[in-house]
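**Student:** Mind having a look at this structure? Questions to follow.
The values are calculated or read from the model by the stated rules, or taken from the named source; none is laboratory data. Everything numeric here is computed off the predicted structure, so don't read it as measured data. Cβ placement follows ideal geometry from the backbone for every residue including glycine, while neighbour counts extend to all protein chains displayed.
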Amino acid sequence: MKAPPISAYTALSLTARLAIGLHCFTDYCQTRELKHTEIDAFLDDMWGLPLAITSPEAFTAWEEKHPHLVEVGLGDEFSDEFQAVLRHKNISPQELRHIIESVIEIVFASFYGAPQNQQSLDSLRSVIAATTGYGVPPAPPSLFAASLFADNHGWGKPLTGSMRDQWRFANT
């Protein structure tokens with residue numbers, strides 16, 4: 001399966017790129033039949049970011065409650081129980097860690113300084129490359145075309161809860 005060139009995502013905001021990465025991760029997990037409460041918590045947390053960047057207080061509250069898979073993406077180990085699930089599903093922990101790290105780095109590298117446009121695109125490219133091998137196409141850039149890197153210092157225009165939910169539950 002051939003994904004669009006990374007240039008198709010260049011105009012999109014960091015938030016839109018994260019959404020595409022999260023769709024890739026979700027579809028990868030579905031394709032690999034990987035279900036777990038840690039995955040649900042990770043997805044809920046990361047989909048919370050578009051609403052958390054609306055104020056410093058909301059961001060601080062969001063940042064203080066990350067689930068374990070976010071920490072895995074930042075270097076921690078998978079729990080023993082989660083590793084057992086991966087073994088049972090014949091999923092490489094290194095491969096899954098790489099996907100999680102890449103999803104996280106789409107936005108995390110831009111939290112405390114200037115938006116990291118190229119690093120964000122490189123991280124999105126890594127997610128897409130890792131997941132298309134399992135027949136998972138990335139969400140179409142057109143779905144997120146209203147959220148542009150040119151707006152709000154790379155983050156795009158703020159999303160409402162319903163807009164975020166439209167993105168999250170879009171049939172890609």
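**Student:** Would you confirm, using the coordinates I've provided, whether ALA58 is farther than 25 Å from GLN118 by Cα, among the small types (Gly, Ala, Ser), more than 14 Å from the chain's Cα centre (by Cα) and surrounded by fewer than 16 Cβ atoms within 10 Å (Cβ to Cβ)?
**Tutor:** Spelling it out, ALA58 is indeed farther than 25 Å from GLN118 by Cα, among the small types (Gly, Ala, Ser), more than 14 Å from the chain's Cα centre (by Cα) and surrounded by fewer than 16 Cβ atoms within 10 Å (Cβ to Cβ).
**Student:** I would also like to ask the following. Say we look at the stretch 89-124 and pick out the residues that are of a type in the set (D, E, K, R) and in a helix (DSSP H, G or I); which of these is nearest to ALA8 (Cα to Cα)?
**Tutor:** Applying the filter and picking the extreme gives ASP122.
**Student:** Can you tell me which condition LYS89 does not meet? The list is (1) of a type in the set (Lys, Arg); (2) in contact with a Leu (Cβ under 9 Å, 6 or more places away or on another chain); (3) surrounded by 17 or more Cβ atoms within 10 Å (Cβ to Cβ), and all the others hold.
**Tutor:** (3)
**Student:** Give me the pairs, please: first residue somewhere in the stretch 150-172 and part of a loop (DSSP other than H, G, I, E, B) and among the aromatic types (Phe, Trp, Tyr), second residue anywhere and at pLDDT below 95 and surrounded by 11 or more Cβ atoms within 10 Å (Cβ to Cβ), beta-carbon distance under 7 Å, and either six or more positions apart or on two chains.
**Tutor:** TRP155/ILE53
**Student:** Across the stretch 82-127, which residue is farthest from the chain's Cα centre (by Cα) among those that are aromatic (Phe, Trp, Tyr) and under 15 Å from MET46 (Cβ atoms)?
**Tutor:** Top of the filtered list is PHE111.
**Student:** With the condition kept exactly as written, say whether any residue in the stretch 13-36 is in contact with a Ser or Thr (Cβ under 7 Å, 6 or more places away or on another chain), under 20 Å from ASP165 (Cα atoms) and aliphatic (A, V, I, L, M).
**Tutor:** yes
**Student:** Right, here's the next one. Taking LEU74 as the residue in question, decide whether it is of a type outside the set (Phe, Trp, Tyr) and surrounded by 17 or more Cβ atoms within 10 Å (Cβ to Cβ).
**Tutor:** Taking the combined requirement at face value, the residue does not satisfy it.
**Student:** Another question, if that's okay. Looking at GLU63, GLU77, which is the one that is more than 27 Å from ALA145 (Cα to Cα), free of Cβ contacts under 8 Å to residues at least 60 places away in the same chain and out of contact with any strand residue (DSSP E or B) (no Cβ under 8 Å at 6 or more places or on another chain)?
**Tutor:** Every option except GLU77 fails the conditions.
**Student:** Report, by residue number, each residue of the stretch 62-90 that is in contact with a helix residue (DSSP H, G or I) (Cβ under 8 Å, 6 or more places away or on another chain) and of a type in the set (Val, Ile, Thr).
**Tutor:** Matches in the stretch 62-90: VAL70, VAL72.
**Student:** Still on this structure: Go through (1) out of contact with any Leu (no Cβ under 9 Å at 6 or more places or on another chain); (2) crowded, with 19+ Cβ neighbours inside 10 Å; (3) without any contact (Cβ under 8 Å) to a residue 24 or more places away in the chain; (4) not β-branched (Val, Ile, Thr) one by one and return the number of the condition LEU14 breaks.
**Tutor:** With respect to (1) out of contact with any Leu (no Cβ under 9 Å at 6 or more places or on another chain); (2) crowded, with 19+ Cβ neighbours inside 10 Å; (3) without any contact (Cβ under 8 Å) to a residue 24 or more places away in the chain; (4) not β-branched (Val, Ile, Thr), LEU14 is out only on (3).
**Student:** Something else about it: Out of all the residues in the stretch 17-56, which are part of a helix (DSSP H, G or I), more than 12 Å from VAL103 (Cα to Cα) and either among the small types (Gly, Ala, Ser) or touching a Cys at 6+ places or on another chain (Cβ under 9 Å) (or both)?
**Tutor:** ILE39, ALA41, GLY48, ALA52 - these are the residues of the stretch 17-56 that are part of a helix (DSSP H, G or I), more than 12 Å from VAL103 (Cα to Cα) and either among the small types (Gly, Ala, Ser) or touching a Cys at 6+ places or on another chain (Cβ under 9 Å) (or both).
**Student:** What is the residue count in the stretch 57-88 for residues that are under 16 Å from ILE106 (Cα atoms), assigned to a helix (DSSP H, G or I) and of a type in the set (A, V, I, L, M)?
**Tutor:** The number of residues fulfilling the criteria is 3.
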